Amino acid sequence: MKKRILSGMRPTGKLHLGHLVGALKNWVDLQTKYDCFFMVADWHALMSEYENPYQLEKNAYDNVADWLSCGIDPDESVIFIQSEVKEHLDLFMVFSCLTPLGWLERCPTYKEQLREVTGRDLHSYGFLGYPVLQAADILIYKAEKVPVGEDQLPHLELTREIARRFNSLYKKEIFPEPEAILTKTPRLVGLDGRKMSKSYNNTIDLSDGEEEVKKKVSSMITDPKRIKLADKGHPEVCTVYSYYETFLPERKEEVRSWCANAKLGCTDCKKELARAILGILKPIHEKRAELLKDKLKLRKILDQGRDKAAELAGQTRREIKDLIKI
Ligand code: TRP
């Protein structure tokens, strides 16, 4: 029997290259080795976007189209929307009752978001409970592995604590203690050298066309000390070069020495990178266009995913009912 995996993404906007190298590639590779559940975390998105939730549904379909275009296979993996499987909220309720407030108030991601996120009021009852819902997502399927980025580790720690607390309170080993599978690829930086993120407006989106990609790559920050073509460059501080490491590894040694010896200008270097990115995006765009043309097919995939997820979630729900009588 394959071990079970669950992971999710919040449908807060379009997916970008950071999602592709940071999560999706990893998900695709895991599909054959594990029993995979991939979820659109729309309730989690609502926790921060409740003032303006109107795009979440559209984003959800758009994101799933990207997942499929990047190689997530609906015959191999269960693909579904969190809010369509009601048992997540049942378990969220149970866990809410047994999770001490202090665990949530001390959670580093919570404190950081309250400090750093601007333009949204996150001082809500729901947002404090964000990791409790995430624990319910994972444990309703008794998933043992959770592919996530490092930023999610505190939430997994809480998931294990909640699982232990439940098992010990009701004296039965219902839930496993899930572990993270961390991505090996280093985080992709954005056009400006900061982390690639929609909120920094520095992304290359998976849906970006040729002109957009060319324009965005040409705006990328390079070595600030290199002003003229004759100046020697420092690839180790150059955003463009870091993309070569991820997307053109076979060219990176040559480009490194050409740049460091002032034999290659930034414009040409960027042109080659843009071509490579477009080459990666082309098959993704083709599948995406096909999927978005046939919305019914996308909906069918999500129906099938919802039904498979609900079957397993229902089983766990019944076990819990047997234990706590509610
Ligand atoms: N919190 C995750 C993120 O922002 C999304 C998420 C929701 C998730 N539920 C999950 C990830 C369950 C893994 C497992 O990236």
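Beta carbons closer than 7 Å, at least 6 apart along the sequence or on distinct chains, pair a first residue in the range 298-319 that is of a type in the set (Ser, Thr, Tyr) with a second that is open to solvent by less than 30 Å² (accessible area, probe 1.4 Å) for Thr316/Ile140. Evaluated against (1) touching a helix residue (DSSP H, G or I) at 6+ places or on another chain (Cβ under 9 Å); (2) buried (at least 18 other Cβ atoms within 10 Å of the Cβ); (3) among the hydrophobic types (A, V, I, L, M, F, W, C), Ala23 falls short on exactly one condition, (1).
Quick check: anything in the range 268-275 of a type in the set (D, E, K, R), under 30 Å from Phe175 (Cβ atoms), open to solvent by less than 80 Å² (accessible area, probe 1.4 Å) and in contact (Cβ under 8 Å) with a residue 12 or more places away in the chain? No: the range 268-275 contains no residue that is of a type in the set (D, E, K, R), under 30 Å from Phe175 (Cβ atoms), open to solvent by less than 80 Å² (accessible area, probe 1.4 Å) and in contact (Cβ under 8 Å) with a residue 12 or more places away in the chain.
Residues in the range 143-160 that are without any contact (Cβ under 8 Å) to a residue 60 or more places away in the chain and open to solvent by 30 Å² or more (accessible area, probe 1.4 Å): Glu150, Asp151, Gln152, Leu153, Pro154, Glu157, Arg160.
Check the range 253-267 and report whether any residue there is touching a strand residue (DSSP E or B) at 6+ places or on another chain (Cβ under 6 Å) and in contact (Cβ under 8 Å) with a residue 24 or more places away in the chain. No: zero hits. If the condition is being touching an Asp or Glu at 6+ places or on another chain (Cβ under 8 Å) and more than 8 Å from the ligand (Cβ to nearest atom), then the range 137-155 contributes Ile140, Glu144, Lys145. For the range 1-15, residues that are more than 12 Å from the ligand (Cβ to nearest atom), open to solvent by 20 Å² or more (accessible area, probe 1.4 Å) and under 14 Å from Trp67 (Cα atoms) total 1. Taken together, the residues in the range 201-222 that are in contact with a helix residue (DSSP H, G or I) (Cβ under 6 Å, 6 or more places away or on another chain) and open to solvent by less than 10 Å² (accessible area, probe 1.4 Å) amount to 5. Looking only at the range 173-198, residues that are within 17 Å of Lys3 (Cβ to Cβ) and of a type in the set (Ser, Thr, Tyr) come to 0 in all.
The values are calculated or read from the model by the stated rules, or taken from the named source; none is laboratory data. In this text the structure is predicted, and so the values were computed from the model without any measurement. Here Cβ is always computed from backbone atoms with ideal geometry, including for glycine, and neighbour counts include all displayed protein chains. Heads up: the accessible areas ignore ligands, DNA and RNA and are worked out on the full protein's heavy atoms, side chains in. Shrake-Rupley method; radii C 1.70, N 1.55, O 1.52, S 1.80 Å.
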